[in-house]
1. In sequence order, what are the phi-derived ³J(HN,Hα) couplings for the range 119-133 according to the Karplus relation 6.51 cos²θ - 1.76 cosθ + 1.60 with θ = phi - 60°, rounded to whole Hz, with x for glycine and proline?
2. Which pairs in the list 43/153; 58/153; 57/81 are over 19 Å apart, alpha-carbon to alpha-carbon?
3. Round to the nearest 0.05 the FRET efficiency obtained for residue 118 and residue 4 when R0 = 25 Å and r is the Cβ-Cβ distance.
4. Take the alpha carbon atoms of the range 66-133, find their center, do the same for the range 17-38, and report the distance between the two centers in whole angstrom.
5. Of 19, 94, 34, which is farthest on the positive side of the dipole of the range 1-157, counting Cα position, with +1 on Lys and Arg Cβ, -1 on Asp and Glu Cβ, and the Cα centre as origin?
6. Please give the calculated 222 nm ellipticity per residue for the chain, where each DSSP H segment of at least 4 residues contributes -39500 (n - 2.57) and the sum is spread over every residue; nearest 500 deg cm²/dmol?
7. Considering the chain, what Rg and Dmax in Å follow from its alpha-carbon atoms?
8. Find, among the GluC sites (Glu not before Pro) in the range 1-92, those assigned to loop by DSSP (not H, G, I, E, B) with at most 11 other beta-carbon atoms within 10 angstrom.
Amino acid sequence: MPNSVFIYPGTFDPITLGHVDIARRAADLCESLIVAVAEAHHKRTVFSVPERVDMVKKALAELPNVQVMSFGGLLVDFARKVGARAVVRGLRAVSDFEYEFQMAWMNRRLCPMLETVFLMPSEEYAFLSSSLVKEIAALGGDVSSMVPPCVAKRLVEALRGETGSIGG
Ligand code: ADP
């Protein structure tokens, strides 16, 4: 592909092995993958932007063509700024489809040159979501098979004593 900078945007609150699986698959398809951590003002996050960026960097450190950045505002503006050809999103189940489809149509309307590429994770990660991982961790469950090691440790610390509702 002539210009193959792809962006993988998300809240990554926190990054899970499902996200890692999608990032690996995407990095294989392009010259350069930018994992774009959204400031996500519409969501209450457990981790701050710098914490989320740091965990994504650690989790994807072994992938040579991956860069991690944060962004605020419209994804299409960020995509233009970094010269991206496509946006990568993960699809787990039919339940993801409607929201993802809506976003992809809207992004196409705002920026027709930007394609959206949907990738499926390995089956073992198809049930994983950041919000489920946070709930399990908050209730004292073991999430070490669901998130990278650096995330498991930080989740326990961050959620210790938290009883409120968990977004994301
Ligand atoms: P957002 O708030 O933008 O949905 P997320 O961090 O929740 O951010 O997700 C980012 C992207 O990763 C979305 O396309 C989501 O569908 C995808 N994703 C999340 N978890 C998984 C998973 N377990 N397998 C595949 N894709 C996933």
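The values are calculated or read from the model by the stated rules, or taken from the named source; none is laboratory data. All figures in this text were calculated on a predicted structure; none of them were measured in a lab. Positions of Cβ are backbone-derived with ideal geometry, glycine not excepted, and every protein chain shown enters the neighbour counts. Please note that ligands, DNA and RNA were not included when accessible areas were found on the heavy atoms of the full protein model with its side chains. Shrake-Rupley method; radii C 1.70, N 1.55, O 1.52, S 1.80 Å.
1. Values per residue, Gly and Pro as x: 10, 9, x, 4, 3, 5, 9, 5, 9, 7, 9, 4, 5, 5, 4 Hz.
2. On the way: 43/153 23 Å; 58/153 13 Å; 57/81 21 Å.
From 43/153; 58/153; 57/81, over 19 Å: 43/153; 57/81.
3. Working: r = 17 Å, r/R0 = 0.67.
In this case the efficiency is close to 0.90.
4. For the range 66-133 versus the range 17-38, the Cα centre distance is 10 Å.
5. The residue sitting farthest along the positive end of the dipole is 34.
6. Values: 6 runs with 69 residues, N = 168.
After summing the helix terms and dividing by residue count, I get -12500 deg cm²/dmol.
7. 15.5, 50
8. Filter output for the range 1-92: 62.
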